[in-house]
Amino acid sequence: MEAEMQAFVDSLRHNLTAEDVVNLEACMNCKMCGEACAWYLVTGDEKLHPTHKTGLIRQIYRRYMTLEGQIGGALGLVPTPTLADLKENMQYFWACTACGRCTLACPSGISIRRIVRLARAAYADSGLSYANPTIRSIIENTDRRRHSFGLTAAQVLGRVGLFLRSEGLEAPVNVQNAEFLFVCPAAGNTKIPDYGIKLIKILNAAGVSYTISPYVIDTGTEIDHIAVHHKLSKQMLEDWEQEADRLGVQKILLVECGCDTRTLYAEASETLGRPFRYPIVSVDALMLDLIKQGRLPIEKTHLKVTLHDPCYATRLSGLGDLFRELLNLVTDNFIEMTPNREYNYCCNGGAGGMRLPENTATRRKISVLKANQIRATGADFVTSPCVVCTLSLEDTCQTYQLSPSGDRMALVLFEVVYAAMEPALAKLGELDRMRVPAVLRNRDHEFFIAHSVEGQMMRLMQQPDFPELLDWLEQDDIVKRFSKDHPQVYDDIRALREMVMNCENCD
Ligand code: SF4
Ligand code: SF4
């Protein structure tokens, strides 16, 4: 057997649990799962049917992991999948968001998403998934920089620092003994850091004790759910724990990411081989508590908004009621889409749907189901407690012209909370509450500089590569988007450049 094939089989054997054996043995090939899968329903492509993916893994399992298969295979009575089969079919394991909807339609309750994850892990362990440039870059970036898009901590914090400056805000970095460690998934700090500023304003306004880490800048969503590289995924979880130990925080704050919700609420123990050592609080649960405790003033918005349930947070982690309770507190115009909760259709963006460019055309095509769901509500906005869902929903809204070109229709759930908070603070004359986090209030200048994003910027300025960071920021698409409402951001970049040049001249 070729080395890659052997590594693939070894990986399957190593990761297989009793539950997976049932998932592989119990299929009756009735094909009902296809009726729940958007990828098959819309395209009618048999290769996108859930059973096409599971069939190959079942064959490998039978051939190499059952006595009948080993004897039958040697006699040529049982098919022997080849390396060429693995290579030819690899693409289909990523034409799937591992959303779990197919399981609802299966009379045996088979978890196809678990089989898909087993397969992705085997593709990673055998090295075959390196043939896909996106998966390869996720693995290499995570290994090298601990950020799946390959950004450095300086780029992540430098960009956030620039945005905070423009709004006269602060966020805490590297503070000891805060209540929460706040780590944003790479998709959040790479794709929507400008929208994320609203979440920082909410935490500041409510007086939450939190800190950002100067080192841990990605939660590991993509390595866990797209690449399914268990070794690196484990290291990412251990990084969180070590950083939480170092900073002396009490809990981890899960920023809005459906995949992280699934990882931390349900799958971390399997990855680590023991429970995750810190309590996990999703930011939506926190905002709900803050509002109920009266720590976050709100005035209900009249936004006509519908909710997209992320598969990983609702169907697979059971948080659907929490999102509705929160949404009903902050808007008086919430409209359910149909179907909803665990029956909701996937946004088609998570676990590789959005990240792999080869999926884009199919993803847009199958998102007609999601577009029709949103259109039928008559809502002006669609919200989701997941960054990737929101990005995918926005793409769907634009593709199907649900909103005028360029007008955002998809909002992250914290943006709806923000829309309810800002007028309430304005009415109280307390908009300033958003500016400074609780852990930086009433501290001396030295502490402030040591633990603020502004102080972080000043330290970055002393690095020899700061001019390159400024060049990068100037070219950055997210900075360009932010500059539409904050044109002074380029004045800030210019001013920082001049300050560095003056300092160089001083030397
Ligand atoms: S997990 Fe979701 S995308 Fe994958 S086969 Fe099942 S329904 Fe389709
Ligand atoms: S619905 Fe279940 S039993 Fe039927 S083909 Fe799909 S996975 Fe197999």
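The values are calculated or read from the model by the stated rules, or taken from the named source; none is laboratory data. Predicted model only: the values in this text are computed from it and were never measured. Positions of Cβ are backbone-derived with ideal geometry, glycine not excepted, and every protein chain shown enters the neighbour counts. What goes into the accessible areas is simple: the full protein's heavy atoms, side chains included, and nothing from ligands, DNA or RNA. Shrake-Rupley method; radii C 1.70, N 1.55, O 1.52, S 1.80 Å.
Can you list the residues, at least 5 places off or on another chain, whose amide H is less than 5 Å from the amide H of Thr331, using H built in the peptide plane?
Result for Thr331 returns Thr301.
Just order 113-126, 6-19 by mean Cβ neighbour count inside 10 Å, highest at the front, would you?
Answer by packing, highest mean first, reads 113-126, 6-19.
With a 1.4 Å probe and all protein chains left in place, how much of the accessible area of the chain comes from carbon and sulfur atoms, in whole percent?
Roughly 51 percent of what the probe reaches on the chain is carbon or sulfur.
From the protein chains alone at 1.4 Å, what is the descending order of accessible area for Asp245, Asp85, largest first?
From most accessible down to least: Asp245, Asp85.
Rg and Dmax of the chain, using alpha carbons, in Å: what are they?
Expressed in Å, the Cα Rg and Dmax of the chain come to 23.9, 82.
Show the residues, 5+ positions off or on another chain, whose built amide H is closer than 5 Å to the amide H of Thr383.
For Thr383, whose amide H was placed from the backbone, the distant partners under 5 Å are Thr306, Leu307, His308, Leu411.
Averaged per residue, what accessible area in Å² does the range 290-380 show with a 1.4 Å probe, protein chains only?
Result: 40 Å² per residue.
Of the peptides 466-478, 346-358, 316-328, how do they stack up when ordered by the mean number of other Cβ atoms within 10 Å, highest first?
Ranking the peptides 466-478, 346-358, 316-328 by packing returns 346-358, 316-328, 466-478.
Provide, for q = 0.21 Å⁻¹, the log10 of I(q)/I(0) from a solvent-free Debye sum over equal Cα point scatterers in the range 365-448.
-0.94
Go ahead and collect, in residue order, the members of the range 1-18 whose backbone nitrogen is under 12 Å from a label point 7 Å along the Cα-Cβ direction of Ala131.
Within reach of a label on Ala131: 4-5.
Using only the alpha-carbon atoms, what does the range 228-297 span along each of its principal axes? Please give whole angstrom values in decreasing order.
43, 26, 16
Filter the cross-link list Lys201/Lys480; Lys370/Lys427; Lys198/Lys427; Lys198/Lys484; Lys234/Lys480 down to pairs whose alpha-carbon distance in this structure exceeds 27 Å.
Violating the 27 Å limit, Cα to Cα: Lys370/Lys427; Lys234/Lys480.
Report ³J(HN,Hα) in whole Hz for each residue of the range 136-142, in order, from the Karplus equation J = 6.51 cos²θ - 1.76 cosθ + 1.60 where θ = phi - 60°; Gly and Pro get x.
These are the phi-based 3J(HN,Hα) values: 4, 5, 4, 5, 5, 5, 5 Hz.
Based solely on its DSSP helices, what 222 nm [θ] is calculated for the chain when runs of n ≥ 4 H residues each add -39,500 (n - 2.57) and the sum is averaged over all residues, nearest 500 deg cm²/dmol?
Mean residue ellipticity at 222 nm (helix-derived): -16500 deg cm²/dmol.
What ranking do 127-136, 423-432 get when scored by the average of other Cβ atoms within 10 Å per residue, highest first?
Going from most to least packed, we get 127-136, 423-432.
Could you do me a favour and compute the accessible area per residue for the range 66-161, 1.4 Å probe, result in Å²?
38 Å²
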